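Below you'll find the structure, written out as C-alpha cells, and then a few comments.
The values are calculated or read from the model by the stated rules, or taken from the named source; none is laboratory data. Owing to the predicted nature of the structure, the values given are computational and were not obtained by experimental measurement. Backbone-built Cβ (ideal geometry, glycine too); neighbour counts: all protein chains shown. Surface accessibility is based on the protein's heavy atoms, side chains included, excluding ligands, DNA and RNA. Shrake-Rupley method; radii C 1.70, N 1.55, O 1.52, S 1.80 Å.
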Amino acid sequence: SRVYRLVESNLDVLKHASVVRVPTNEITDENARSLKRITHSTLLRVTNDIRDERQFNTAVARLMELANALSSFTPKDDKDRRVMRESVEILLSCLCPFAPHMTEELWNLIGNDTFLSTERWFAVDNDALAQDSVTIVLQINGKIREQFTAKAGLSKEELEHDIMSREETKKRIEGKKV
C-alpha cells in the first residue's frame, strides 16, 4: 500500500526522530507548518467522520490526502523530522480502525514498543489549525474585482489600511463612496 511504502521509504528519518512534539509557534519552515496544519485538520475531520458522522469512506479519503501531503514533504532539520514523525503517527492511528494489522506493524517499525490499538486517540492541536494568511476578495458594486492574500488576525483597521493602500484598489474606488 502507499502508506506502507511511505513509512518504509522514510524509515531512517522516522526511527531517529524524537517523539517530543514541536509546538506550532516554534516551526519556522512554511512546509513543516503546512504539514502540521494538514495533519491536525485531518485528525479533526477523521475523528468527526468516525465518531459522529459514521462516514468511513470519507475518513479513508482524508487519510489518503494526508498520505499524499507526507509523500511530498522532505524534512530539512530536526524539527521537520519531528513534525513528520508526528504526522505519520497520527496517520497510522487514524488508519488503525480500517487496517489494524498493517498499522500495528508500521507502528512497531518506526520504533514504538506499545500496541497502537491500546494507545489513546491523538488530541487535535488547535494552534496548528490556525491559518497564517487568508484570501481577501474585494467586491465593488457587487462584482469581484480583486483577490489577494493578507496576514491572518489583522484588525478591521489594519485590513482597511492594507486594502486602501493598494494601487489597484485606489484606481477602482476613485471618486466613489466607500
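Residue by residue through segment 125-157, note down the ones that are at pLDDT 80 or above, of a type in the set (Asp, Glu) and open to solvent by less than 80 Å² (accessible area, probe 1.4 Å). Hits for segment 125-157 are Asp125, Glu146.
Cβ-Cβ contacts under 8 Å between residues 6 or more apart (or on different chains), taken from a first residue in segment 124-136 that is farther than 19 Å from Glu146 by Cβ to a second residue that is in a strand (DSSP E or B), are listed as Asp132/Lys151. Here the helices (runs of 4 or more DSSP H) wholly within segment 76-178 that include at least 2 residues being over 20 Å from Val7 (Cβ atoms) and over 19 Å from the mean Cα position of the chain (by Cα) are 156-164, 167-173. Assessment of segment 61-70 against the conditions (at negative phi, modelled with pLDDT under 95 and open to solvent by 50 Å² or more (accessible area, probe 1.4 Å)) yields no matching residue. Out of the residues in segment 141-177 that are among the acidic types (Asp, Glu) and touching a strand residue (DSSP E or B) at 6+ places or on another chain (Cβ under 8 Å), which is farthest from Gln131 (Cα to Cα)? This residue is Glu168. Once segment 20-37 is narrowed to residues that are assigned to a loop (DSSP other than H, G, I, E, B) and in contact with an Asp or Glu (Cβ under 8 Å, 6 or more places away or on another chain), the residue that is least open to solvent (accessible area, probe 1.4 Å) is Val22.
Checked against the criterion of being surrounded by 16 or more Cβ atoms within 10 Å (Cβ to Cβ) and among the basic types (Lys, Arg), segment 38-52 has at least one qualifying residue.
Listed by first and then second residue, the pairs with beta-carbon distance under 7 Å, at least 6 apart or on different chains, first residue in segment 1-29 and within 18 Å of Ala99 (Cβ to Cβ), second among the aromatic types (Phe, Trp, Tyr) and in a loop (DSSP other than H, G, I, E, B), form an empty list.
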